[in-house]
Amino acid sequence: MSVQVNRRAVLAGLLLAGAATAGAPIPPGPGGRALADVRALWGDEAVVVRGTSSLVAGHRAPAGLLGDLARRADLAGRRVSAVLRRPVRPVVLVPASTAAAARLAGVASVDGLAAVADGGRTIVVPEFFARLTPTGRDVVLTHELTHVAAGTGGLPVWLYEGFADYVAYRDAGLPVGVAAAELAAEVRAGRLPLALPGPADFGLRAGGTRLARAYQEAWLACRFLAERSGEETLVRLYGEAQTGGVERALASLGLSTGMLTERWRDYVREQLA
Ligand SMILES: [Zn+2]
């Protein structure tokens with residue numbers, strides 16, 4: 001098993017059927033490659049399966065996987081669409097191997113990740129994705145599809161990772177203390193996070209438990225905003241922060257990052273203590 005551990009380690013035994021990890025901060029990568037490029041890449045070996053709204057393309061993928069993915073991508077699309085209130089058409093690519101997934105995403109490595117968002121598409125990392133439970137697959141696909149559909153440009157990491165998990169967990173049917181188990185353990189031990197998680201907290205070097213907590217902290221910040229001001233307001237804040245910056249967007253809700261941090265800490269305590 002890779003020494004790289006990441007946010008989905010929190011879900012071991014819950015979303016993960018095995019000991020693998022899944023999901024990650026979005027790696028930088030070239031954007032905008034279209035499915036046509038994949039046709040060019042995989043030629044006649046590309047197999048395309050269409051869901052009701054999704055398109056899944058695989059290269060030497062197991063027979064059942066593409067159909068399963070199309071159904072799950074449709075579900076993920078409906079979940080993202082319900083929050084963003086506009087149609088979402090997922091495009092999911094399934095390369096033949098972990099190495100091929102990294103090449104496709106234009107990054108050095110995707111080891112330990114189940115899927116990555118890149119250039120309008122979700123790229124599944126077959127070996128790691130296969131180790132997720134059904135709920136884990138839906139959560140990961142919805143998380144990555146949220147990145148694809150809503151964008152992340154100009155945003156603090158807590159907002160785009162938290163928003164993606166807000167959408168991913170919104171309809172996943174998991175209790176908050178279960179989905180945020182690592183953070184709950186900290187809170188019960190009397191340790192509350194001091195600040196919203198930043199880039200270093202989301203780095204793979206942050207280590208498994210810290211990384212898991214970073215996602216959970218970010219998730220609860222967005223969940224707090226949705227409960228305080230309404231989901232539509234959270235979505236509007238997300239869009240406004242992309243164009244005008246997060247402080248200005250928060251100010252329209254009568255908040256600053258400092259005030260949000262204070263109230264989020266109370267919310268974390270109240271939800272997880
Ligand atoms: Zn993410």
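Taking every DSSP beta bridge that has both ends in the chain, the antiparallel portion is near 60%.
Counting 0.36 nm for each residue step from THR135 to GLU270 and taking away their Cα separation leaves a gain of 46.0 nm.
Using the Kyte-Doolittle scale, find the helices of the chain whose mean hydropathy is at least -0.5 and whose Cα atoms extend 27 Å or more along the helix's long axis, counting only whole DSSP H runs. Membrane-span-like by this rule: 63-84, 208-229. Per-residue ellipticity at 222 nm from helix content only, as computed over the chain with -39500 (n - 2.57) for each DSSP H run of at least four residues, stands at -16500 deg cm²/dmol.
Can you check what the net charge comes to around GLY154, using other residues whose Cβ is under 14 Å from the Cβ of GLY154 (Lys, Arg +1; Asp, Glu -1)? Residues close to GLY154 contribute a combined charge of -1.
Determine the sum of side-chain charges near GLY64: Lys and Arg each +1, Asp and Glu each -1, restricted to other residues whose C-beta is under 15 angstrom from that of GLY64.
Numbers: positive: ARG60, ARG71, ARG72, ARG137; negative: ASP68.
For residues surrounding GLY64, the net value is +3.
The calculated FRET efficiency for ALA185 paired with ARG103, based on their beta-carbon distance and R0 = 41 Å, is about 0.60. Dipole orientation for the chain: of the candidates VAL94, TRP264, GLN242, VAL94 has the Cα lying most toward the positive pole (charges on Cβ; Lys, Arg +1; Asp, Glu -1). For region 89-146, the square roots of the Cα gyration tensor eigenvalues, ordered a ≥ b ≥ c, give a/c of at least 1.5 with a/b no greater than b/c, which places it in the oblate category.
Spin-label pair ALA251-LEU194: with each label point 7 Å from Cα along the Cα-Cβ axis, the two points sit 2.7 nm from one another.
Taking the Cα centre of the chain as origin and assigning +1 to Lys and Arg Cβ atoms and -1 to Asp and Glu Cβ atoms, the resulting dipole is close to 200 debye. Sparsely packed loop sites in region 154-233 (the trypsin sites (Lys or Arg not before Pro) outside DSSP H, G, I, E and B with at most 13 other Cβ atoms within 10 Å) comprise ARG191. Cα convex hull, region 104-190: 126 Å³ per residue, rounded to a whole number. Which of rounded, prolate, oblate describes the chain, given a ≥ b ≥ c as roots of the alpha-carbon gyration tensor eigenvalues and a/c under 1.5 marking rounded, otherwise prolate only if a/b is larger than b/c? The shape class here is prolate. Net charge dipole, region 75-222: roughly 300 debye, given to the nearest 20, about the Cα centre with Cβ charges of +1 for Lys and Arg and -1 for Asp and Glu.
Here the chain has 53 percent of its accessible surface on carbon and sulfur atoms, given a 1.4 Å probe and all protein chains in place.
The values are calculated or read from the model by the stated rules, or taken from the named source; none is laboratory data. Because the structure is a prediction, the values reported are computed rather than measured. Here Cβ is always computed from backbone atoms with ideal geometry, including for glycine, and neighbour counts include all displayed protein chains. In case anyone asks, the SASA skips ligands and DNA or RNA and just uses the protein heavy atoms, side chains included. Shrake-Rupley method; radii C 1.70, N 1.55, O 1.52, S 1.80 Å.
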